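Notes follow once the structure below has been shown.
Values in this text are rule-based calculations from the coordinates and carry no lab data. Model, not experiment: these values are computed from the prediction. Methodologically, a virtual Cβ is constructed for each residue, glycine included, from the backbone with ideal geometry; neighbour enumeration extends over all protein chains shown.
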Amino acid sequence: MLVVQPLLLMLDCRHAPPTPPLPKEPVHDGWESAGLTPREREVAVLLARGMSNRAVAEQLVITQKTAANHVHRVLGKLDVRSRSELIARAYTRGWLAT
């Protein structure tokens, strides 16, 4: 029982260590050099944080359809095929504050 209890505590998210803060602002002109509008840059940052279309829509107070349109344009302008590729590019190129 002594071994199981610490394991259960580790699995309980209430006892998990705090996660590091998410990046807040783009810090590189990589977003701009890709031809993104200011709104598309906002969407790109939220996507890089791992947000869904629904979460992006709620954060920016827009409809989910509008968010989906922004996401489609952002992925196209950055020439990436997926959100995970966008996240990888943003972090490897230093486009986000850490």
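Using Cα-only point scatterers and the Debye equation, what is log10 of I(q)/I(0) for the range 28-98 at each q in 0.13, 0.22 Å⁻¹, rounded to two decimals?
Treating every Cα as an identical point scatterer, log10 I(q)/I(0) equals -0.30, -0.90.
Using label points projected 7 Å from each Cα along Cα→Cβ, tell me how many nm separate Q64 and R39, to one decimal.
Inter-label distance under the simple model: 1.9 nm.
Can you pull the one-decimal nm distance between simple spin-label points at E85 and A55, each 7 Å off the Cα toward Cβ?
Between E85 and A55, the simple spin-label model gives 2.2 nm.
Which order results if K65, K77 are arranged by neighbouring Cβ count within 10 Å, fewest first?
Starting with the residue having the fewest Cβ neighbours, the order is K65, K77.
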